Amino acid sequence: MRRRLVTAFVSASFCALGLTPADAPLPARLADTGGGTQLITAEAPDAHSTTGTLTWWDLRNGRWTAPARFGSGGLVEGTSRQQGTNTTPTGLYDLPFGFGTEAAPAGTRVPYRPVSDSSWWCQDNDSRAYNRWTDPLPADCRASESEHLVSYTTQYAHALVIGFNYHHPVRGRGAGIFLHVNGKGATAGCVSVPPGAMAEILRWTDPSRHPRIAIGTEGGATGLVRHRPPPGRPPGR
């Protein structure tokens with residue numbers, strides 16, 4: 001309720017200035033922002049795009065922007081995504097923790113896990129550890145169906161886990177969706193940004209303010225402003 005009142009106040013303030021709702025800042029136009037006071041938006045021009053803009057918004061004082069990359073298969077509604085399609089799931093998600101092959105940037109407040117040679121992300125649909133960080137790889141999770149995190153020294157120099165299909169995993173929907181550093185091109189379904197932006201995001205993210213990431217397009221069925229938290233996920237406040 002507190003967040004909705006704040007969002008309504010922001011919208012009302014822009015109306016008082018004679019601006020239309022379309023002129024209001026993007027968070028004020030979202031159907032839901034997840035209840036926190038920090039929000040990251042990752043917006044693509046359309047569902048077939050592999051590039052767009054990532055913006056991190058602070059309710060108190062402004063925003064920062066960076067060019068973003070999406071999955072090579074474009075974007076698709078998170079609730080209907082299928083694993084192995086290289087699509088980025090749209091929706092509104094939390095950010096459970098950070099990790100990296102490099103030390104956390106100075107000032108990082110989110111829980112941060114250092115990647116070692118024994119760190120994996122299990123993507124095996126038959127494993128009890130499906131869509132989970134594992135260290136080491138459990139016996140029921142096939143290495144061929146998982147990511148050996150240390151193998152991606154560029155992309156996973158710094159990263160944040162995106163809570164897609166994370167809290168109540170659905171087999172076959174997808175695993176290992178992160179916000180991470182750019183590689184050579186489009187991602188396999190993650191969202192990526194330049195290394196400097198990723199470091200700044202980690203320094204900026206404050207768990208006490210319940211940060212969220214909203215992923216979507218400028219309009220249409222995957223329009224960013226339509227997204228709400230997935231069922232079963234309580235608001236941040």
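Answer with yes or no whether ALA199 is under 29 Å from ALA103 (Cβ atoms) and assigned to a helix (DSSP H, G or I). Please lay out each step first, then the result.
Working: under 29 Å from ALA103 (Cβ atoms): yes; assigned to a helix (DSSP H, G or I): yes.
When the stated conditions are applied, ALA199 passes them.
Name the residue that is surrounded by the most Cβ atoms within 10 Å (Cβ to Cβ), counting only residues in segment 20-63 that are modelled with pLDDT of 95 or more and of a type in the set (Val, Ile, Thr). Step by step, filter segment 20-63, then rank; the result is THR41. Contact map, segment 211-222: residues that are open to solvent by 10 Å² or more (accessible area, probe 1.4 Å) paired with residues that are aromatic (Phe, Trp, Tyr) and not in a loop (DSSP other than H, G, I, E, B), Cβ distance under 8 Å, separation 6+ or inter-chain. Pairs shown: ARG212/TYR93. Of the listed requirements (1) crowded, with 24+ Cβ neighbours inside 10 Å; (2) among the β-branched types (Val, Ile, Thr); (3) assigned to a strand (DSSP E or B), VAL76 misses just one: (1).
Based on what the data block shows, is PRO195 open to solvent by 10 Å² or more (accessible area, probe 1.4 Å) and within 15 Å of the chain's Cα centre (by Cα)? Full working, then the answer.
Working: open to solvent by 10 Å² or more (accessible area, probe 1.4 Å): yes; within 15 Å of the chain's Cα centre (by Cα): no.
In short, no.
In this entry, THR154 is excluded by the filter for residues that are touching a strand residue (DSSP E or B) at 6+ places or on another chain (Cβ under 8 Å) and surrounded by 14 or more Cβ atoms within 10 Å (Cβ to Cβ).
Considering only residues in segment 87-103 that are among the hydroxyl-bearing types (Ser, Thr, Tyr) and in a strand (DSSP E or B), the one that is surrounded by the fewest Cβ atoms within 10 Å (Cβ to Cβ) turns out to be TYR93. You will find that of ALA66, ALA106, the residue that is outside any loop (DSSP other than H, G, I, E, B) and under 20 Å from THR205 (Cβ atoms) is ALA66 and no other. Residue count for segment 126-151 satisfying the condition of being open to solvent by 50 Å² or more (accessible area, probe 1.4 Å) and either of a type in the set (S, T, N, Q) or within 21 Å of the chain's Cα centre (by Cα) (or both): 3.
Check segment 148-156 and report whether any residue there is modelled with pLDDT of 95 or more, closer than 18 Å to THR55 by Cα and touching a Phe, Trp or Tyr at 6+ places or on another chain (Cβ under 7 Å). No - not one qualifying residue is present in segment 148-156. The combined condition, being polar (S, T, N, Q) and touching a Leu at 6+ places or on another chain (Cβ under 8 Å), is not fulfilled by THR85.
Among the residues of segment 32-52, which ones are assigned to a loop (DSSP other than H, G, I, E, B) and of a type in the set (A, V, I, L, M)? Answer for segment 32-52, where residues must be assigned to a loop (DSSP other than H, G, I, E, B) and of a type in the set (A, V, I, L, M): just ALA47.
For ALA186, state whether it is open to solvent by 20 Å² or more (accessible area, probe 1.4 Å), of a type outside the set (Val, Ile, Thr) and over 27 Å from VAL76 (Cα atoms).
On the way: open to solvent by 20 Å² or more (accessible area, probe 1.4 Å): yes; of a type outside the set (Val, Ile, Thr): yes; over 27 Å from VAL76 (Cα atoms): no.
No.
If you go through segment 105-124 and pick out every residue that is in contact (Cβ under 8 Å) with a residue 40 or more places away in the chain, closer than 23 Å to GLY174 by Cβ and either open to solvent by 50 Å² or more (accessible area, probe 1.4 Å) or hydrophobic (A, V, I, L, M, F, W, C) (or both), you end up with 5.
Inside segment 53-63, can you point out the residues that are assigned to a strand (DSSP E or B) and closer than 17 Å to LEU30 by Cβ?
Of the residues in segment 53-63, the ones assigned to a strand (DSSP E or B) are 53-58, 62-63.
Residues satisfying the conditions are THR53, LEU54, THR55, TRP56, TRP57, ASP58, ARG63.
The values are calculated or read from the model by the stated rules, or taken from the named source; none is laboratory data. All values derive from a computational prediction rather than experimental measurement. Here Cβ is always computed from backbone atoms with ideal geometry, including for glycine, and neighbour counts include all displayed protein chains. Side chains included, ligands, DNA and RNA excluded: accessible areas come from the protein's heavy atoms. Shrake-Rupley method; radii C 1.70, N 1.55, O 1.52, S 1.80 Å.
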